[in-house]
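So the structure is just underneath, and the comments pick up after that.
The values are calculated or read from the model by the stated rules, or taken from the named source; none is laboratory data. Remember, it's a predicted structure, so these values are computed and weren't measured experimentally. Backbone-built Cβ (ideal geometry, glycine too); neighbour counts: all protein chains shown. Please note that ligands, DNA and RNA were not included when accessible areas were found on the heavy atoms of the full protein model with its side chains. Shrake-Rupley method; radii C 1.70, N 1.55, O 1.52, S 1.80 Å.
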Amino acid sequence: MSVTKLFSPGPVMVRDNVRRACLHYDICHRSKEFEQMFEDTQKKILKLFLADDSYYSLIVSGSGTSANETVLSSIFKEGEAVLLIRNGMFGERLLEIIEKYRIPLVDCPFPWAAYPDLDVIEGMLKEHPEVKVVAMVFHETSTGMINPVGEVGALCEKYQKLLSVDCVSAAGGELIDVADKNIAIATSVGGKCLGAYPGSAYICARRELLDGLTAAQCRNVYLSLYKHYHSALSTSQTPNTPNVNLFWPLNVALTNALEEETLEGRIARYRRCAAIIREGVVKLGCRILLKEHMSNTVTSVFLPEGIDAQEFLDEMEKRGYTFYIGKGDYAKQGMIQVANMGEIYEQDCENMLEVFGLVLKMLAG
């Protein structure tokens with residue numbers, strides 16, 4: 001049976017030692033062994049975000065959305081508002097969470113694939129002193145765009161706001177220095193650029209922010225940031241039973257990224273692979289959505305006119321390659337997304353492009 005190559009932005013191809021980590025013998029989440037592994041994983045998460053001692057990390061069982069919901073349902077006191085910068089599907093996911101918890105909102109929307117205008121953002125910060133937190137997505141996966149997090153972080157410093165950043169598809173694929181970018185709280189998950197599995201989410205936050213939380217202000221029971229913080233701080237455990245079996249692969253994937261390949265090495269590999277993919281699909285007659293501010297790991301590709309996107313995806317999957325259909329209206333426009341997260345290397349990209357070209361030729365008749 002042939003192995004399918006996942007050129008999709010999660011789940012991703014994982015390294016063999018990450019897969020083997022799933023076979024770790026059973027342990028109790030209230031045991032010393034778990035606590036030691038938990039603490040070690042926390043330290044590695046801080047390294048992933050280049051964080052100093054003023055930050056603390058937590059692990060949440062669930063997808064990246066669970067980490068975002070933990071944050072947004074927990075960090076607001078009565079009357080405090082959030083300024084949401086959004087320009088794609090995952091910015092809209094943050095909007096859905098904010099609205100569900102009835103958090104006072106100052107909405108700052110931009111069209112999908114439009115780079116956020118810093119002058120507009122600053123104007124809103126001036127007009128809305130009630131804003132406590134600015135929320136945004138680092139890598140808007142629905143388009144493949146990297147948003148101006150550092151520049152927004154500088155505005156947050158100027159206007160004394162906290163910056164909360166969804167780094168779900170950025171951590172491990174982009175260089176994220178939380179202190180340098182003035183990020184107060186960042187979220188991510190193992191099953192993206194880090195090369196682990198879905199379901200192992202994590203948070204990196206300033207200790208000062210976490211210390212200021214109260215149990216009463218957290219609006220979710222399982223996803224209470226207060227509970228997660230104080231449980232980790234006092235016992236190196238989670239407040240409820242976590243997905244213990246996924247902690248081991250997360251820890252191993254962090255080791256792979258930070259120590260074996262090095263974070264800089266992994267990011268450089270991702271950049272090389274993305275460059276190969278982009279040059280290759282353009283040569284095959286495709287058009288790329290973005291011309292700048294492109295991520296290291298996701299390329300949004302419009303197939304040539306006359307090629308049905310879903311038929312193309314089906315044919316590629318028959319040949320061992322999985323992509324995503326475009327999000328929202330992009331699907332109707334024949335756009336697909338080609339990702340190079342996880343265990344994807346240069347030769348994998350070259351091999352994929354060869355099949356890509358053959359399928360395009362076949363479908364063009």
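Quick look at the numbers
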item	result
Any hit, the stretch 185-198, residues being closer than 19 Å to residue 121 by Cβ and out of contact with any Asp or Glu (no Cβ under 6 Å at 6 or more places or on another chain)	yes
Conditions (1) touching a residue at least 12 places away in the same chain (Cβ under 8 Å); (2) out of contact with any Leu (no Cβ under 6 Å at 6 or more places or on another chain): number failed by residue 99	(1)
Residue among 201, 196, 113 that is touching a Ser or Thr at 6+ places or on another chain (Cβ under 6 Å), within 30 Å of residue 244 (Cα to Cα) and either of a type in the set (A, V, I, L, M, F, W, C) or not in a loop (DSSP other than H, G, I, E, B) (or both)	201
Single residue of 251, 245, 256 found to be at pLDDT below 95 and either farther than 30 Å from residue 77 by Cα or in contact with a Ser or Thr (Cβ under 6 Å, 6 or more places away or on another chain) (or both)	245
Some residue of the stretch 288-311 being among the β-branched types (Val, Ile, Thr) and farther than 20 Å from residue 275 by Cβ	yes
Counted residues, the stretch 152-180 - those being surrounded by fewer than 23 Cβ atoms within 10 Å (Cβ to Cβ) and assigned to a loop (DSSP other than H, G, I, E, B)	6
Residues of the stretch 190-242 that turn out to be open to solvent by less than 10 Å² (accessible area, probe 1.4 Å) and among the aromatic types (Phe, Trp, Tyr), as a count	2
Sole residue being open to solvent by 30 Å² or more (accessible area, probe 1.4 Å) and free of Cβ contacts under 8 Å to residues at least 24 places away in the same chain, chosen from 319, 278	278
Positions within the stretch 322-332 being under 20 Å from the mean Cα position of the chain (by Cα) and open to solvent by 30 Å² or more (accessible area, probe 1.4 Å), in sequence order	324, 325, 327, 328
Residues satisfying the stated conditions in the stretch 87-112, i.e. under 20 Å from residue 170 (Cα atoms) and either among the acidic types (Asp, Glu) or open to solvent by 40 Å² or more (accessible area, probe 1.4 Å) (or both)	89, 90, 92, 93, 112
Counted residues, the stretch 198-222 - those being hydrophobic (A, V, I, L, M, F, W, C), touching a residue at least 12 places away in the same chain (Cβ under 8 Å) and farther than 23 Å from residue 51 by Cα	2
Those residues of the stretch 4-52 which are in a loop (DSSP other than H, G, I, E, B) and touching a strand residue (DSSP E or B) at 6+ places or on another chain (Cβ under 9 Å), in sequence order	4, 7, 8, 9, 10, 11, 12, 14, 15, 49, 51
Pairs where the first residue, in the stretch 327-346, is under 12 Å from residue 289 (Cβ atoms) and the second is small (Gly, Ala, Ser) and in a helix (DSSP H, G or I), C-beta under 6 Å, 6+ apart	334/309; 336/309
Number of positions in the stretch 239-267 that are assigned to a helix (DSSP H, G or I) and of a type in the set (Val, Ile, Thr)	4
Residue, least open to solvent (accessible area, probe 1.4 Å), within the stretch 113-129, restricted to residues that are under 14 Å from residue 160 (Cα atoms) and touching a residue at least 40 places away in the same chain (Cβ under 8 Å)	125
Unmet requirement for residue 91, which otherwise passes all of (1) in contact with a Gly (Cβ under 9 Å, 6 or more places away or on another chain); (2) outside any loop (DSSP other than H, G, I, E, B)	(1)
Residues within the stretch 333-365 that are of a type in the set (Phe, Trp, Tyr) and open to solvent by less than 10 Å² (accessible area, probe 1.4 Å), tallied	1
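Every residue, every condition in (1) at pLDDT below 95; (2) open to solvent by less than 50 Å² (accessible area, probe 1.4 Å), yes or no:
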{"position": "27", "(1), (2)": "yes, yes"}
{"position": "38", "(1), (2)": "no, yes"}
{"position": "42", "(1), (2)": "no, yes"}
{"position": "45", "(1), (2)": "no, yes"}
{"position": "50", "(1), (2)": "no, no"}
{"position": "56", "(1), (2)": "no, yes"}
{"position": "63", "(1), (2)": "no, no"}
{"position": "67", "(1), (2)": "no, yes"}
